[in-house]
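J.: To start, I am sharing the structure in question, which I have written as structure tokens.
None of the figures in this text is laboratory data; all of them are computed from the coordinates on show. The shown structure was predicted, so the numbers you read here are calculated from the model rather than taken from an experiment. So basically every Cβ, Gly included, is an ideal-geometry build from the backbone, and we count neighbours across all protein chains shown.
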Amino acid sequence: IRNLGWSFHGDQPLFDKVLAEPVDWDFVMIQMNYFDWKYGRVPAEYMYNRLVERNIPVMIMEPLLGSRLAKVSRAVSEMMQEERPGDTPAQWAFRFVGSHPQVMVVLSGMTLMEHLQENIKTYSPLVPVTDKQKDMLAKAAEIIRTYKIIPCTDCKYCVPCPYGVDIPGILLYYNKATWDSNLPDLEGQRDAEFERASRAFLVDYNRTIPELEQANHCINCGECEPTCPQNIKIPTDLLKIDNLVQQLKTT
């Protein structure tokens, strides 16, 4: 072993316990982005600062929070464009993590050549975020925090489900509808807009998730829950989503 380190997915007591071991760690990988900086299960700010105190190089996973910070709401996008026109939401997220001097590596899951080109542009050279821009990103995180988002990062540790349920697909579909402000409000007014949103949600749900893989096939066996690094109550959230689907079908 040339470089000894670890990737962290637990709670704060566990983080402190491992960090207290008398080992000269070469690196530690943590989940860090401008949302998890304050609002992560273990705030990234806490973990990063502890690692700085120990002078341990930091590797970053989930800089885009499972791609959710690559497509932000209109309110957040307008804040970003006003501050630095032309930069994409993904560039803002990557600049945030790259602006911390103890960061050695930032992981990026890329599927298109455009993603690679944008990453190279962002880091060659890196323009660090200013204090004013950090404040703006903190406000963006506060806005994002108000969304009823399930903290799924699409790691797929929960699959395969023994009953064939597409767990990450369902959670991500729900999150996208929430993120794009397309989630029908059952407590709101049942007007033409509600009917449009309900119809669109159900049509896209059926297009996105095959019928035999939808949330109604979850039997609450609980096998998925211990595998989730984000500690999501998966059966509970699947039941919530299925209840929404069933109610929309009868409205």
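J.: How do ASP135, ASP36, ASP237 rank when sorted from fewest to most other Cβ atoms within 10 Å of their own Cβ?
T.: Final ranking by Cβ density, sparse to dense: ASP135, ASP237, ASP36.
J.: Given labels modelled 7 Å from the Cα in the Cβ direction, how far is it in nm from LYS132 to ASN49?
T.: 2.5 nm
J.: Right, next: Taking 7 Å along the Cα-to-C-beta vector as the label spot, tell me the GLU187-LYS38 distance in nanometres, rounded to one decimal.
T.: 2.3 nm
J.: A further question on this structure: Rank LEU64, LEU51, TRP92 by how far each Cα sits towards the positive end of the charge dipole of the chain (+1 on Lys, Arg Cβ; -1 on Asp, Glu Cβ) and give me just the farthest.
T.: The Cα lying farthest towards the positive end belongs to TRP92.
J.: Rank THR153, PRO210, GLN102 by how far each Cα sits towards the positive end of the charge dipole of the chain (+1 on Lys, Arg Cβ; -1 on Asp, Glu Cβ) and give me just the farthest.
T.: Final value for the positive-end residue is GLN102.
J.: Give the distance, in whole Å, between the Cα centre of region 171-234 and the Cα centre of region 46-90.
T.: 26 Å
J.: Report the gain in length on full extension from THR236 to GLN102: 0.36 nm times residue separation, minus Cα-Cα distance, nm rounded to one decimal.
T.: 44.4 nm
J.: Just how many pairs of Lys in the chain have C-alpha atoms closer than 19 Å, counting pairs that are eight or more places apart or on different chains?
T.: 18
J.: May I pose another question? Neighbouring Cβ atoms within 10 Å as the yardstick, rank VAL129, VAL52, VAL165 fewest first.
T.: With the fewest neighbours first, VAL129, VAL52, VAL165 line up as VAL52, VAL129, VAL165.
J.: Using alpha carbons only, how many degrees (0 to 90, rounded to 10) separate the axis of helix 74-83 from the longest principal axis of the chain?
T.: So the inclination is approximately 30 degrees.
J.: Taking the beta-carbon count within 10 Å as an exposure proxy, list TYR46, TYR205 from fewest neighbours to most.
T.: If I rank by nearby Cβ atoms, fewest first, I get TYR46, TYR205.
J.: Between GLU114 and ASP26, how many nm apart are label points set 7 Å from Cα along the C-beta direction?
T.: Taking the two extended label points, one gets 3.8 nm.
J.: Report, in deg cm²/dmol and to the nearest 500, the calculated mean residue ellipticity at 222 nm for the chain, where each DSSP H run with n ≥ 4 adds -39500 (n - 2.57) and the sum is divided by the residue count.
T.: Here the helix-only value at 222 nm equals -14000 deg cm²/dmol.
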